[in-house]
Amino acid sequence: AKAKGRNTYGFYTEDLTRSASARLELETRLRRALDNGEFVVHYQPVLRVADGALLGAEALVRWQPPGEEMVPPGAFIPIAEETGLIVPLGEWVLREACAQLRDWLAAGYRPGVMAVNLSVEQIRRQDVVCTLRSVLADTGLDAAQVELEITESSLMEQGGQATELLRDLKAAGVRLAIDDFGTGYSSLSYLKRFAIDKLKIDRSFIQDIADDRNDLAIAAAVVAMARALEIAVQAEGVEQPAQLELLRELGCGSYQGFLCSRPLPAAAFAARFLSAR
Ligand code: C2E
Ligand code: CA
Ligand code: CA
Ligand code: CA
């Protein structure tokens with residue numbers, strides 16, 4: 001399975017989860033890819049449920065090895081996390097997404113808030129706050145235009161250390177979102193303790209919302225709780241008009257999903273969703 005330079009996408013996903021040497025090779029390739037600028041960021045729009053207005057975008061990384069198929073993050077983020085490569089990669093994504101936001105603002109667009117994913121490994125290192133401050137200083141962005149997404153499970157894993165880190169991130173002025181909400185084992189007490197700005201209801205609860213009463217009940221409960229706590233609430237993975245209609249009835253604030261758009265390259269995102277004021 002090792003035809004140099006002719007690796008298909010299957011090469012990364014299937015073979016590399018099996019053998020240690022193959023994982024090592026992927027690690028080497030990922031390091032080189034970072035040096036060679038082979039990563040790209042795609043942007044998925046975030047819309048207001050009530051009227052479909054654009055509220056922002058989520059930055060999602062992809063790997064584009066030259067002459068090969070684009071590799072989705074699920075095929076390399078886990079290994080980037082295991083090897084620590086996620087730290088420089090995550091920093092690159094944050095810089096790239098913020099630079100893109102600045103460029104769109106400079107062009108007279110209203111792109112809204114830019115959401116960037118933070119991995120558990122980045123959270124573990126306290127210097128993520130320094131990185132953030134440096135990116136904000138370099139781009140001149142207002143911190144409130146940046147939202148950092150942290151999964152519920154990674155937050156729980158960090159315990160007391162997370163409390164301190166999130167306090168520092170809040171102090172830097174960024175917005176904080178809990179990603180994949182509902183999938184981690186956690187106490188809800190952290191919602192107030194951490195001064196969270198937004199909950200993102202995981203796609204697994206949204207996908208059957210129109211057919212499964214339990215999923216609808218969970219979504220309704222999360223929306224009600226978020227509203228009571230004055231935390232914004234966003235649905236992920238909205239694919240069907242019926243799902244969007246239910247979210248509207250529940251009073252869910254915002255959504256993202258293939259119903260509106262898949263994540264797009266920057267130019268395609270701008271062409272479709274941005275216009276000069
Ligand atoms: P996530 O943060 O939960 O991102 C949302 C994922 O759901 C994206 O997959 C997006 O394309 C997909 N999605 C959005 N709407 C729909 C829909 O209507 N239907 C379906 N089936 N899927 C939808 P993607 O881009 O493949 O990313 C997968 C995961 O990889 C992300 O999940 C996130 O955990 C991770 N990831 C992506 N970019 C980064 C990054 O820059 N840093 C870190 N640490 N993780 C990242
Ligand atoms: Ca996310
Ligand atoms: Ca998510
Ligand atoms: Ca997810």
Kindly work out what percent of the DSSP beta bridges joining two residues of the chain are antiparallel, to the nearest 5. 40 percent
Could you provide, to the nearest whole Å², the per residue accessible area of the chain with probe 1.4 Å? 46 Å²
Quick one: check the C-alpha center-to-center distance for region 17-54 versus region 140-165, whole angstrom. 20 Å
Over the chain, what relative contact order in percent results from Cα pairs under 8 Å that are six or more residues apart? 19 percent
Any chance you could look up the accessible area of C260 with a 1.4 Å probe, heavy atoms only, rounded to 10 Å²? 30 Å²
So, relative contact order of region 120-277 in percent, Cα under 8 Å, 6 or more apart, is 16 percent
The percentage of the accessible area of region 66-208 (probe 1.4 Å, all protein chains present) made up of carbon and sulfur atoms, to the nearest whole number, is 50 percent
To the nearest 20 debye, what charge dipole does the chain have about its Cα centre, counting +1 at the Cβ of each Lys and Arg and -1 at the Cβ of each Asp and Glu? 540 debye
Residue-normalised 222 nm signal for the chain, counting each DSSP H run of n ≥ 4 as -39,500 (n - 2.57), nearest 500 deg cm²/dmol, is -13500 deg cm²/dmol
Among L26, L132, L118, determine the one that fluctuates most according to a GNM of the chain built with springs between C-alpha atoms less than 10 Å apart. L26
Can you give the longest stretch of the chain with no exposed loop site, where a site means GluC sites (Glu not before Pro) in a DSSP loop (not H, G, I, E or B) with at most 15 other C-beta atoms within 10 Å? 70-229
Largest first, what is the accessible-area ranking of K200, K170, K192 with a 1.4 Å probe? K192, K170, K200
Would you mind computing Rg(Cα) / (2.2 N^0.38 Å) for the chain, counting N as its residues? 1.02
For M114, the net charge from surrounding residues (Cβ-Cβ under 9 Å; K, R +1; D, E -1) works out to -2
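The values are calculated or read from the model by the stated rules, or taken from the named source; none is laboratory data. Source: prediction; values computed, not measured. Every residue, glycine as well, gets a Cβ built from its backbone with ideal geometry; the counts of neighbours run over all protein chains shown. Note: areas computed on protein heavy atoms with side chains; ligands, DNA, RNA excluded. Shrake-Rupley method; radii C 1.70, N 1.55, O 1.52, S 1.80 Å.
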